[in-house]
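This report refers to the structure that appears directly beneath it.
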Amino acid sequence: MADQRGNDVALLLAAQSHLGTKNCTAHMERYVHKRRSDGIFVFNLGRTYEKLQLAARVIVAIENPQDVVAISARPYGQRGVLKFATYTGARATVGRHTPGAFTNQLQKGFEEPRLLIVTDPRTDHQAIKEAAYMNIPVIAFTDTDSDLAGIDIAIPANNKGKHSIGVLFYLLTRLVLQARGTVSAASPWDVMVDMFFYREPEEAKEEAAPEAEAAAEYVADAAFPGAEEGAGFDASYNTGFPAAAPEFATGFDAAPSFEPAAAPAAGGDAAFAQAQDFGGGF
Amino acid sequence: MYIKGTGKHDSCCSLLLRLVDVRRLAWHGKIKSLEQIFLFSLPIKEYQIVDTFLGSALKDEVMKIMPVQKQTRAGQRTRFKAFVVVGDYNGHVGLGVKCAKEVATAIRGAIILAKMAIVPVRRGYWGNKIGPVHTVPGKVTGTCGSVSVRLIPAPRGAGIVAARTPKKVLQMAGIVDCYTSSRGTTRTLGNTVKATYAALAATYGFLTPELWKETVFQKGPFQEFTDFLAKPVIKGH
């Protein structure tokens, strides 16, 4: 137990999640350890971890995992949010949050989530504002300069760096799966943190090139039921893997270890939903 | 997507592709009364929800039709603003304001908005707690613009001592006896009626000794019926 906490905090440190910004809001002062000589506020990661655990418990308390929506307008958080959604069975909104998605029932993208997870209160402020109209509690990763208005559970951490955001979503996902019992000492979670990191488009393309051929062969395998239509898309749907953008092809290599993690309650549906949302993103 | 109904027929709601969860629960009888919706502060986004619970008991009254104008190079463009109060004379009121090119459309729209803005009104006693509740539980006040309307508990038999417009609203709320005191430019009917509505809404926001007992929290309808809501929406439901 304590060992895991120590490892996780070490991971947060490595990802520089403890580094805030040069400004600090009054509400965030309680999470700050001290201010460095160069003016940067430093978080107390012990408190960060506590809030992560609290958030995980709240997420688990929602009976239907599909009622949880994770949001990230900024690119750095998009991959983390999508992965979180795939592994926990939640829904992800990536990129622009269409105003009215929570309040306008006549809109096509109308959703009524029971919980909202947000990467940055400032950039995702539209989602937070609408959640307030519809009685939806909000969990957010808040930095030292974040405004906590409309946020119910704040997880103090660096929400600017791509490694930091990746690690935060990784830990949150794992804590949720642990609380659910899907992951435990007996069946450890063998997904790497790297899966949650944002990748620059060039990076993603580079890695995709060799994998794309592997993916093509994988897909051509007649064993997959219903692989009639578009190659990558349909195969990924059936196997419960996230959408077939090149980067996810990496997962195909680690296929055996992926199965347990990628098969939570609404796994298939979640993957399909991800595929939908994915259209605009990468 | 959404096909507009005439508003008169209930069947129009069956054409809505996306029904708000509260509506689904109400329609299927999972939510037993409006008070459950009020208890959990669920936003009412579709007026049919209110109709399901209050239906025929709900009466509406047009308080005023106000012509408003906008200047265009070709003259004035007149629209009509309708103020409608909706109530069941037994503890529920709603106020709706709608502006439209035709009077009838404005009234219809205002009725819908009034239903969605329905609010529970707490009633109490002036003195002895004999018989049914009849007056406001305490002195409450509501403001809108410059108008402030103060409602004061009155003894049984006093009737509603108020000007025409607030009186109508109070009657529809189910208040039998009440003293009032108002201030500001009360001839702006819009503000007066909104102030009275605000005062009535405030009755349940007031902490009295009866409410001192600790609340036992129950599961909200979204949590209780999460399995039902998780089922895909069949067209018309």
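Summary of computed values
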{"quantity": "Tally of residues being at pLDDT below 85 and part of a loop (DSSP other than H, G, I, E, B) across the range B:1-28", "calculated": "14"}
{"quantity": "Residue list for the range B:90-118, filter: assigned to a loop (DSSP other than H, G, I, E, B) and within 18 Å of B:Ala198 (Cβ to Cβ)", "calculated": "B:Gly91, B:Ala117, B:Ile118"}
{"quantity": "Tally, over the range A:113-124, of residues that are more than 9 Å from chain B (Cβ to nearest Cβ) and in a loop (DSSP other than H, G, I, E, B)", "calculated": "7"}
{"quantity": "Within the range A:144-196, tally of residues that are buried (at least 20 other Cβ atoms within 10 Å of the Cβ) and basic (Lys, Arg)", "calculated": "1"}
{"quantity": "Unmet criterion (only one of (1) within 26 Å of A:Ala10 (Cβ to Cβ); (2) in contact (Cβ under 8 Å) with a residue 12 or more places away in the chain) for A:Glu50", "calculated": "(2)"}
{"quantity": "Single match in B:Val216, B:Val233, B:Val193 (criterion: out of contact with any Pro (no Cβ under 7 Å at 6 or more places or on another chain), within 14 Å of another protein chain (Cβ to nearest Cβ) and of a type in the set (A, V, I, L, M))", "calculated": "B:Val233"}
{"quantity": "Any strands (runs of 3 or more DSSP E) falling wholly within the range A:4-112 and containing at least 3 residues that are buried (at least 20 other Cβ atoms within 10 Å of the Cβ)", "calculated": "A:68-72, A:91-94"}
{"quantity": "Qualifying residue in the range A:125-136 (condition: in contact (Cβ under 8 Å) with a residue 40 or more places away in the chain and either part of a loop (DSSP other than H, G, I, E, B) or within 12 Å of another protein chain (Cβ to nearest Cβ) (or both))", "calculated": "no"}
{"quantity": "Filter result (under 24 Å from the mean Cα position of the chain (by Cα) and without any contact (Cβ under 8 Å) to a residue 12 or more places away in the chain) within the range B:63-109", "calculated": "B:Ala104, B:Thr105"}
{"quantity": "Checking A:Val60 against (1) within 14 Å of another protein chain (Cβ to nearest Cβ); (2) under 30 Å from B:Ile49 (Cα atoms), the condition it does not meet", "calculated": "(2)"}
{"quantity": "B:Arg150 vs. criteria farther than 30 Å from A:Leu115 by Cβ, among the charged types (D, E, K, R) and assigned to a loop (DSSP other than H, G, I, E, B)", "calculated": "no"}
{"quantity": "Residue match in the range B:190-200 (condition: within 20 Å of the chain's Cα centre (by Cα), modelled with pLDDT of 95 or more, closer than 30 Å to B:Val97 by Cβ and of a type in the set (D, E, K, R))", "calculated": "yes"}
{"quantity": "Candidates B:Val233, B:Val169 - the one that is of a type outside the set (Ser, Thr, Tyr) and assigned to a loop (DSSP other than H, G, I, E, B)", "calculated": "B:Val233"}
{"quantity": "B:Val68 vs. criteria of a type in the set (A, V, I, L, M) and either within 22 Å of B:Val169 (Cα to Cα) or assigned to a loop (DSSP other than H, G, I, E, B) (or both)", "calculated": "no"}
{"quantity": "Filter result for A:Thr123 (closer than 25 Å to A:Val32 by Cβ, among the polar types (S, T, N, Q) and surrounded by fewer than 23 Cβ atoms within 10 Å (Cβ to Cβ))", "calculated": "yes"}
{"quantity": "Residue match in the range B:45-56 (condition: within 14 Å of chain A (Cβ to nearest Cβ) and within 12 Å of the chain's Cα centre (by Cα))", "calculated": "yes"}
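So that you can scan it fast, the table gives a plain yes or no per residue for (1) of a type outside the set (D, E, K, R); (2) closer than 24 Å to B:Gln36 by Cα:
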{"residue": "B:Gly124", "(1), (2)": "yes, yes"}
{"residue": "B:Val133", "(1), (2)": "yes, yes"}
{"residue": "B:Ser146", "(1), (2)": "yes, no"}
{"residue": "B:Lys167", "(1), (2)": "no, no"}
{"residue": "B:Glu214", "(1), (2)": "no, yes"}
{"residue": "B:Gln223", "(1), (2)": "yes, yes"}
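The values are calculated or read from the model by the stated rules, or taken from the named source; none is laboratory data. Since we're looking at a predicted model, the values are computed, not measured. So basically every Cβ, Gly included, is an ideal-geometry build from the backbone, and we count neighbours across all protein chains shown.
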